[in-house]
1. Among the numbered conditions (1) aliphatic (A, V, I, L, M); (2) within 20 Å of D112 (Cα to Cα); (3) within 21 Å of the chain's Cα centre (by Cα), tell me where L191 comes up short.
2. Examine region 223-240 for a residue that is modelled with pLDDT of 90 or more, within 22 Å of the chain's Cα centre (by Cα) and farther than 24 Å from A277 by Cα, and state whether such a residue exists.
3. Under 8 Å by Cβ, and 6 or more places apart or on different chains, what pairs join a residue from region 29-54 that is over 20 Å from R106 (Cβ atoms) with one that is assigned to a helix (DSSP H, G or I)?
4. Tally the residues that are among the small types (G, A, S) and surrounded by fewer than 15 Cβ atoms within 10 Å (Cβ to Cβ), restricting the search to region 259-281.
5. Residues in region 186-230 that are surrounded by fewer than 18 Cβ atoms within 10 Å (Cβ to Cβ), among the polar types (S, T, N, Q) and outside any loop (DSSP other than H, G, I, E, B): how many?
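The values are calculated or read from the model by the stated rules, or taken from the named source; none is laboratory data. If you're wondering where the values come from, they're calculated on a predicted model, not measured in any experiment. Positions of Cβ are generated from backbone atoms using ideal geometry, with glycine treated the same way; all protein chains shown enter the neighbour counts.
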Amino acid sequence: MQLRYSFRMYPNGPQRSALARAFGCARVVFNDALRVREDARHAGLPFVTSAELSKRLTEVKKTDERAWLGEVSAVVLQQSLRDLDTAYRNYFDGLKGKRPRMGAPRFKSRRDNRQSVRFTANARWKITTGGDLSLPKVGDVRVKWSRALPSAPSTVTVIKDAAGRYFCSFVVETDANEVPLETDVQVGIDLGLSHFVILSDGTKIDSPRFLRRAEKKLKKAQQALSRKAKGSSNRTKARIKVARVHARVADARREFHHQLSTKIIRENQAVTVEDLAVKGLARTRMAKSVHDAGWSAFVRMLEYKAARYGRTFIKIGRFEPTSQVCSQCGVKDGPKPLHVRVWECGACGAVLDRDINAAVNVAKAAGLAVSACGARVRPGAIPAQREETGIHRDGQTTVVGIPAL
């Protein structure tokens, strides 16, 4: 399985300037190549191939107008062309129905909050004996390693986020470094807002509501931003302060998701969740609370951790009447408004907690699906996760992704 490991970087002043040049040059090459292909499309000419774009890039670097492209590693520029090819491929695959539809490639802006460049093995980057990351035409950048990489990576992606933080990201092949004990426990999970997770064994875990708790500080930062003149340096500083508040909220939410998903995967052999229509719920009056909960990210974590450690992960259909069926006798009692949290079954007289009853029905629906097929389904391909735990210089852990399992 492929996993992505990201670590916090601390470039000094000259190194930040070199990375800014690399970000800018990669953006210019991407936009120039996109403009060439768009001009060819409007003129009715054939699609410009990657080889032709690479050849044009070599010629453009020799001109006076684009001579500054030679100040950065050539690998960064070539990888920017590869990114454009990937964007076109995803767009065409969406039109053919091979993947969810997405828009056509668009021009990048220097005001984009997130910027990145990628170095392959041809760039001859390396991790020094002192633990620094040596990048061509940038230098040896200090990295705070939270753990050792499980295998040697071939590429590294340098990322600058909206809060002005730098990360180096590696995608590596990895095996399970810790296999949990085998167990015959199967758990059903019902996701909610007042309680983030309700398990079929009756356990309820409250929702931390990280965004709600940070609203006062976020409001103050956004008010300060609105008072700054557009285009001024003070507005840029205020924007970064707002981005840092959002980054702390996202990091805390991601840490909560990772710790809870790891605990559930370790303690249960089979995990069952309901496929929620998150996009639809995000259009309702509960939109802020739905986004603050982050159900989709949590379910994705459960899925890839189950695949990594040999657990069974099952999704049931979103139209299963889990809140309408009595978990004791199986009689469907009809829909109930959201304010009804406890109800009595008209058939057997059992007094049922709405959330726990739904979690039990989720587990039962998964059990029926497994018995119907008669065998455990082989898990599909799991995409590499984005980020990894990092540590600040003062020793405090700042979570930007996967904690140690």
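1. Here L191 clears every test but (2).
2. Checked against the condition, which is being modelled with pLDDT of 90 or more, within 22 Å of the chain's Cα centre (by Cα) and farther than 24 Å from A277 by Cα, region 223-240 yields at least one hit.
3. Listed pairs, sorted by first residue: P46/A40; S54/Q78; S54/L81.
4. 2
5. 3
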